[in-house]
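Beneath this line is the structure, given in structure tokens, with notes to follow.
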Amino acid sequence: MTSIPDDHANTPDELHRQAWVWLRLLKSDTVRQWDAERFRHWLDASPAHKAAFNAARAQWDSYSPAAAALGQTLGRRTPPVRVAVRTGRRAFLGTMVAGGAALAVAAIVHPPAGLWPSPDQWEADYSTATGEQRAIRLAGQVDVTLNTQTRIRTEVSASVPGIELLSGEAAVDLPGGRGNGTGNAFVVAAAGGTSSSTSGRFEVRYLDGRVCVTCLSGAVRVDHPMGQRVLHAAQQTAYDRHQLAGVTLADAANVSAWRNGELVFRQTRLAVVLDEINRYRPGRIVLMNDKVRNQPVSGSFYIASLDRAIAQLQYSFDLHARQLPGGLLVLT
């Protein structure tokens, strides 16, 4: 879809995420011999895998002093309160509020495995939860639809109507004549760039540091420190903070399928498909099988029936599923 590389196969972030999942499993009381063998296979895949696991383990261990210190402080102020947990399983970072709170405080700043938003994503005027979509009207006549896990601020500047997209995906529908009744363009700012239009429809998606802008109708101007692009219907471009891609053709119907309750994929890598499903589904799916990570997937899945889609993918690629506490589903 874009000319900016989007290969998550063995990036440091992806390996870090996988390492945290393995660490979480190994710290639980449900480890099986089969799990140990799979872990050894994963660990031996490359030096980068070993380094990622060692880093995750060191980060985990570093929480212990903070937990002890904060636990003592909380213990002096309030009596310990036990958190209910399922029999036979330990909560991810402990079962006592006094101890678990310290671990949570440390992890909140640097969320492991990307399981929750970091603090810089909290300051939003509007936001959506996992699986939620929300329609709002701004600047008089501009309809903005927020997709799942989306956060926006509603003021780009005092003189410019628009929004700042902090994360997620937003669709903008402008009246046919003048964008907001004043003749000014409506602007969507994200990651150091802006997308503006006075009429038509466009979508802006900001995930993992990359922004993808798709024009569905009318025209959209994308301004970036590296240049400018003008998009017309069924065209898109992408950028991050350092580079700006060229203009490419886009399947507008597929891009906006989420507004009709569907996810559409065309020869999309399995790892990318699962990343997309993760945005709409509570918990998290983690693929630990590198052999199928880059296998292509084509098809349409209903957002309301994503568990069925996961079952289909599991069957198609002969994957083994393991459910962990906290909504983690590990596919190997």
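For the reader, a short list of remarks on this structure follows.
Let's see how each residue does on (1) aromatic (Phe, Trp, Tyr); (2) outside the structural domain of Arg308 (by the TED database); (3) outside any strand (DSSP E or B); (4) surrounded by fewer than 19 Cβ atoms within 10 Å (Cβ to Cβ):
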position	(1), (2), (3), (4)
Arg229	no, yes, no, no
Ala238	no, yes, no, no
His242	no, yes, yes, yes
Gln267	no, no, no, yes
Asn278	no, no, yes, no
Pro282	no, no, yes, yes
Val286	no, no, no, no
Asn289	no, no, yes, no
Val292	no, no, yes, yes
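- Residue in the stretch 248-255 that is on the phi < 0 side of the Ramachandran plot, of a type in the set (A, V, I, L, M, F, W, C) and either without any contact (Cβ under 8 Å) to a residue 12 or more places away in the chain or touching a helix residue (DSSP H, G or I) at 6+ places or on another chain (Cβ under 7 Å) (or both) present: yes
- Residue match in the stretch 287-301 (condition: out of contact with any His (no Cβ under 6 Å at 6 or more places or on another chain), more than 21 Å from His49 (Cβ to Cβ) and touching a residue at least 40 places away in the same chain (Cβ under 8 Å)): yes
- Sub-9 Å Cβ pairs linking a first residue in the stretch 228-246 that is on the phi > 0 side of the Ramachandran plot to a second residue that is among the acidic types (Asp, Glu), at least 6 apart or interchain, are Ala234/Asp251, ordered by first then second residue.
- Some residue of the stretch 311-331 being touching a residue at least 40 places away in the same chain (Cβ under 8 Å), surrounded by fewer than 20 Cβ atoms within 10 Å (Cβ to Cβ) and either in a loop (DSSP other than H, G, I, E, B) or basic (Lys, Arg) (or both): yes
The values are calculated or read from the model by the stated rules, or taken from the named source; none is laboratory data. Keep in mind it's a predicted model, so treat the numbers as computed, not measured. When we count neighbours, we look across all protein chains shown, and the Cβ atoms used for this are built from the backbone with ideal geometry, even at glycine.
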